[in-house]
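The values are calculated or read from the model by the stated rules, or taken from the named source; none is laboratory data. Please read all numbers here as calculations on a predicted model, not as lab measurements. Because the Cβ atoms are built from the backbone with ideal geometry, glycine has one as well, and the counts that use them run over all protein chains shown.
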Amino acid sequence: MSAVLEARELRKTYVGGDGQPIEVLAGVDLSVSRGEFVAIMGASGAGKSTLLHLLGALDAPTAGTVALEGQGYEGRTSVELAALRNRKLGFVFQFHHLLREFTARENVMMPLLIAGVHPDPAGKRADDLLASVGLSGRRTHRPAQLSGGEQQRVAVARALANDPVLILADEPSGNLDHAHSERLHDIFAALTRGYETALVVVTHNRQLAGRADRVLSLEGGKLAPQAGLEVSSG
């Protein structure tokens, strides 16, 4: 299958409090195909979130390249990168970041409205996506009226709003109990099949990682296949 995402020789270096460089990523290579679910594991502080931010054009690498559907990020203005994130990428974080004053439906509509979609089709798309994550009956509820698991499912629906080619998720079930985590894991496992969306998930959760097509470990600033973890065949 054709690659949706290509990252080559990604490096990220920060300056520590003592003024010395700290290399977090030391030459990461990653290729993700359309409809593929990739999980990335690693110890806290290994640079997993840093890598996700580079893949999602939220930060720039010290060196190396990232391309989405063959188009590189380098040289693009902040406005162009914002448009790319809105139209091509979906994000799900550990904390849902829903807008508190808006309903679940309005939160899911927001990326579409920002992209210039008319409210009527945007609302229809939001309704369909909320139905797909089992929240048809909660469309008019605001975040404070939803459980943590429901809020995170709204965040998943919002990430799918513009039919992205790639969803990036950072510890999406890290703030949920076991039952809600399992429901969310089921939804993620169905994403690549139902929407043919590539999915890269950073997680400590072995159950979620076990649903992936590939599991990689970030260690020493580089990615390698994760040993000792049974991966689901579908």
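In table form, for the structure just shown:
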quantity	calculated
Enumeration of residues in region 90-113 that are of a type in the set (A, V, I, L, M) and part of a helix (DSSP H, G or I)	Ala104, Val108, Met109, Met110, Leu112, Leu113
All positions within region 44-90 that are surrounded by fewer than 19 Cβ atoms within 10 Å (Cβ to Cβ) and hydrophobic (A, V, I, L, M, F, W, C)	Leu58, Ala60, Ala63, Ala67, Val79, Leu81, Ala82, Ala83, Leu84
Residue in region 94-101 that is farther than 20 Å from His180 by Cβ and either of a type in the set (Ser, Thr, Tyr) or in contact with a helix residue (DSSP H, G or I) (Cβ under 6 Å, 6 or more places away or on another chain) (or both) present	yes
Residues (at positive phi and touching a helix residue (DSSP H, G or I) at 6+ places or on another chain (Cβ under 8 Å)) located in region 115-161	Gly134
Residue within region 198-207 that is closer than 16 Å to Ser44 by Cα, in a helix (DSSP H, G or I), out of contact with any helix residue (DSSP H, G or I) (no Cβ under 7 Å at 6 or more places or on another chain) and at pLDDT 85 or above present	yes
Scope region 161-174; condition farther than 15 Å from Asp186 by Cβ and not small (Gly, Ala, Ser); matching residues	Asn162, Asp163, Pro164, Val165, Leu166, Ile167, Leu168, Asp170, Glu171
Residue check, Arg87 under 30 Å from Gly137 (Cα atoms), of a type outside the set (Ser, Thr, Tyr), over 12 Å from the mean Cα position of the chain (by Cα) and part of a helix (DSSP H, G or I)	yes
Residue list for region 72-126, restricted to those being within 15 Å of Val154 (Cβ to Cβ) and acidic (Asp, Glu)	Glu101, Glu106
Any chance Phe95 is within 18 Å of the chain's Cα centre (by Cα), surrounded by fewer than 20 Cβ atoms within 10 Å (Cβ to Cβ) and touching a residue at least 24 places away in the same chain (Cβ under 8 Å)	yes
Among the candidates Ala126, Ala198, Ala179, residue that is of a type in the set (A, V, I, L, M, F, W, C), within 30 Å of Leu218 (Cα to Cα), crowded, with 18+ Cβ neighbours inside 10 Å and touching a residue at least 24 places away in the same chain (Cβ under 8 Å)	Ala198
Scope region 114-127; condition within 20 Å of the chain's Cα centre (by Cα) and part of a helix (DSSP H, G or I); matching residues	Ile114, Arg125, Ala126
